[in-house]
Amino acid sequence: MMIPQHLFVYGTLRPHLASDRVRQLLVGMKVVGPATVRGRLYDFGDFPGVTNGNGIVHGNLLRLSHTEQLDPLDDYEECHGLSPLFTRSSTSAQLSDGFRVPAWIYLFNQHLKSGIPILSGDYAQHIRDRSNH
């Protein structure tokens, strides 16, 4: 299998939602554009998480210049240890023109009991709705 050269981001790694600290982690990655993947999106309070599922999750596709760029993101997403918060998996992201691209995604790897399903599949929209109530 080919190693994905892209990263699908749907929450705190989305460039327009990223904190200054996170933006530093994204330096050198090119924003390809909006994209979607199949899955289920949840709100865990300070951050969202995606699990495998039949919904549509909205986000952005980033192009990596080299896979080492993922190392600090793996740390940020707490991918290490016996019970990682997230695991980096490969997925297929669909661009707005319908073109599909293999991409990495961080999948939530803990119990969902504290998560609230985000039915729109769009964390940015969810944050806007949340702050309007």
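Remarks
- Any hit, region 96-103, residues being assigned to a loop (DSSP other than H, G, I, E, B) and of a type in the set (Lys, Arg): no
- In the set (1) in contact with a Pro (Cβ under 8 Å, 6 or more places away or on another chain); (2) more than 25 Å from Asp129 (Cβ to Cβ), the condition left unmet by Arg23 is number (2).
- Residue in region 96-108 that is among the charged types (D, E, K, R) and either closer than 25 Å to Ile127 by Cα or crowded, with 16+ Cβ neighbours inside 10 Å (or both) present: no
- Residues (without any contact (Cβ under 8 Å) to a residue 60 or more places away in the chain and either in a strand (DSSP E or B) or buried (at least 19 other Cβ atoms within 10 Å of the Cβ) (or both)) located in region 27-57: Met29, Lys30, Val31, Arg38, Val50, Asn52, Gly53, Asn54
- Considered as a group, the residues in region 58-74 that are modelled with pLDDT of 95 or more and open to solvent by 30 Å² or more (accessible area, probe 1.4 Å) include one that is nearest to His126 (Cα to Cα), and that residue is His58.
- The set of residues in region 104-133 that are among the aliphatic types (A, V, I, L, M), out of contact with any Leu (no Cβ under 9 Å at 6 or more places or on another chain) and not in a loop (DSSP other than H, G, I, E, B) comprises Leu107, Ile116.
- All conditions in (1) touching a Gly at 6+ places or on another chain (Cβ under 8 Å); (2) buried (at least 20 other Cβ atoms within 10 Å of the Cβ); (3) touching a residue at least 40 places away in the same chain (Cβ under 8 Å) hold for Phe86, with the sole exception of (3).
The values are calculated or read from the model by the stated rules, or taken from the named source; none is laboratory data. These numbers were taken from a predicted model, which means no experiment stands behind them. Positions of Cβ are backbone-derived with ideal geometry, glycine not excepted, and every protein chain shown enters the neighbour counts. Side chains are part of the model used for accessible areas, which takes the heavy atoms of the whole protein and leaves out ligands, DNA and RNA. Shrake-Rupley method; radii C 1.70, N 1.55, O 1.52, S 1.80 Å.
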